[in-house]
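The values are calculated or read from the model by the stated rules, or taken from the named source; none is laboratory data. Every value quoted in this text rests on a predicted model; they were computed, and no experiment measured them. As a convention, Cβ positions derive from the backbone with ideal geometry for all residues, glycine included, and neighbour counts pool all protein chains shown. Each accessible area value is taken on the protein alone, full model and side chains, heavy atoms only, with ligands, DNA and RNA left out. Shrake-Rupley method; radii C 1.70, N 1.55, O 1.52, S 1.80 Å.
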Amino acid sequence: MLAGPLGCQRFLYGEGGLLEGESSVNLAVTVPEKPLPVVKPLPVNTEPPAAAVVKPPPPLPQRLLPQEVPVLQEAALTTETSVISPNGSPLQARSTVTSADSVLSGRTLREDTVLRGTVLVKGSLVVAPQATLRLEPGASLRFQRAGGSARNPRLVVQGRLVCAGTPQKPVVITSVFTEQQVADWGGVLLLSTEKKNLLDYCHIEGAEVGVEAHHSQFSGRGLEVHRARTGVALYDSVATLQTFRISRSDIGVTAFDSELELRDGTLRENRQGAVVNRSALVVASNRFQANSQEGLVVDQCRFKLSGCSAIDNRVGIMLKGGDGQLQQCRFSLNREAGLMAVGARLKIVHSSFQDNLGVGLMLDGSRGSVSQSAFSQNKGGNLQYAGPDHFAAVLNWWGETSDARIAEGIKDPIQSNGAGRVSYLPFLTVRPALAP
């Protein structure tokens, strides 16, 4: 091994050296100005890593979302249980609903709206002419007076109302009280809607007027109105009610200058079942029962009554003027008269007047005929007639086959008083099959 400079020289330039025969060698060495930093090992974290925080994506612009009919959902409520009368004096406290899904205060709906669940309405609710209010099956609207107001709130419809109830889930429109009384709230007012309003399986209770229509039209299947001053009121309107029930009201139905069709309904336990004036009336398979005065009053109308029954009223049906026909109607247990006609023109066929506490058929100044009908066991007489015109009562069954006994049940004033005669011959000897 060579040592020192002389050894290196011999190693490089001596015989057999790496650089033998070279005179000089150039060497270049680059030295960095600063030495590279010493690499340090990364610290080891023995604690588990924290959960990563994921930021939610920003919401999509509203214009990109699908547009639906809005469903009003606001704050839940807790109602008061005290009641103050309009003059400020306290009344006996009445229990009210304690919760609701939404609350509306003095609202006017200007766009199509859907309501579902229990909705408390403070003050009146107005549907603007361009809007439709739809009440879903099982929806319940409960009206409460606005604070300090002495007036009953109402549902006022200028646009369109659709009550889409079902037999299992009816729509309920009433007051905030749990037990309803007459005129606890105003009712539903259809005001010149010019649209087809629908009240299917809608239950209305405790209103001043359950449904009031002015220059409007509506139809209802399964409509029920209870404890109202007036159940349904029509003014220059068109309405069709089917399988309805109206009870415990002052007047069940009233109509003026309207078109009204009543089918398969019941008017029960009212003061008057229905009062119809100057209108076109069709009544089919209706039941007028246990009304304290008249089951039905028809005043100056064109009418057609079929398949109806009037039972346990003061007067089953009263006709004042007008003209029309009755067929397959039944009159029973009425206290004063089954059917009373004053100044009317009428045709009666296939009907029955039986077991009335008063007169079966009472005619005063009326013209027409009754035939193929059954009369029997009417305590006040089978037929009572007064008036100057002739009335034909032929081909009826009187519960008797004796001419003299039949004549006893027909109260016909004597000719000298200016009254016309009732003709009842010939008569039927068996009860007609089509008489109910």
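Taking first residues from segment 229-252 that are in contact (Cβ under 8 Å) with a residue 60 or more places away in the chain and partners that are polar (S, T, N, Q) and part of a loop (DSSP other than H, G, I, E, B), the Cβ contacts under 6 Å between residues at least 6 apart in sequence or on separate chains come to Ser249/Asn270.
Highlighted here are the strands (runs of 3 or more DSSP E) found entirely within segment 293-382 that include at least 2 residues which are of a type in the set (S, T, N, Q) and open to solvent by 40 Å² or more (accessible area, probe 1.4 Å): 323-327. Taking the numbered list (1) farther than 24 Å from Asp236 by Cα; (2) of a type in the set (Val, Ile, Thr); (3) surrounded by fewer than 22 Cβ atoms within 10 Å (Cβ to Cβ) in turn, Val156 passes all entries but (1). Flag set for Gln180, criterion: in a loop (DSSP other than H, G, I, E, B) and in contact with an Asp or Glu (Cβ under 6 Å, 6 or more places away or on another chain). Say we look at segment 244-284 and pick out the residues that are closer than 20 Å to Ile204 by Cα and in contact with a Lys or Arg (Cβ under 6 Å, 6 or more places away or on another chain); which of these is most open to solvent (accessible area, probe 1.4 Å)? Out of the qualifying residues, it is Arg248. Of all the residues in segment 394-429, those that are at pLDDT 95 or above, of a type in the set (A, V, I, L, M, F, W, C) and assigned to a loop (DSSP other than H, G, I, E, B) number 5.
Of the residues making up segment 369-391, at least one is over 20 Å from Lys320 (Cβ atoms) and more than 44 Å from the chain's Cα centre (by Cα). Regarding Thr46, is this residue at pLDDT 90 or above and either open to solvent by 100 Å² or more (accessible area, probe 1.4 Å) or under 22 Å from Leu199 (Cβ atoms) (or both)? No; evaluated as a whole, the condition is false for this residue.
For Arg345, are the conditions met, namely being without any contact (Cβ under 8 Å) to a residue 24 or more places away in the chain and over 19 Å from Ala433 (Cα atoms)? Considered against the rule, which asks whether it is without any contact (Cβ under 8 Å) to a residue 24 or more places away in the chain and over 19 Å from Ala433 (Cα atoms), Arg345 comes out as yes.
The residues of segment 193-228 that are more than 14 Å from Ala255 (Cβ to Cβ), assigned to a strand (DSSP E or B) and open to solvent by 10 Å² or more (accessible area, probe 1.4 Å), listed by number, are Lys196, Leu198, Asp200, His203, Glu205, Glu208, Ser219, Arg221, Glu224, His226.
Counting only strands (runs of 3 or more DSSP E) that fall entirely inside segment 100-174 and contain at least 2 residues that are β-branched (Val, Ile, Thr), the qualifying elements are 113-115, 118-122, 125-127, 154-157.
Among the residues of segment 275-314, which ones are among the β-branched types (Val, Ile, Thr) and within 16 Å of Val253 (Cβ to Cβ)? Walk me through how you get there before you give the answer.
So in segment 275-314, the residues among the β-branched types (Val, Ile, Thr) come out as 275-276, 282-283, 297-298, 311.
Hits for segment 275-314 are Val275, Val276, Val282, Val283, Val297, Val298.
Which residues, taken from segment 169-192, are open to solvent by 10 Å² or more (accessible area, probe 1.4 Å) and among the β-branched types (Val, Ile, Thr)? Once the filter is applied, which keeps residues that are open to solvent by 10 Å² or more (accessible area, probe 1.4 Å) and among the β-branched types (Val, Ile, Thr), segment 169-192 yields Val172, Thr178, Val182.
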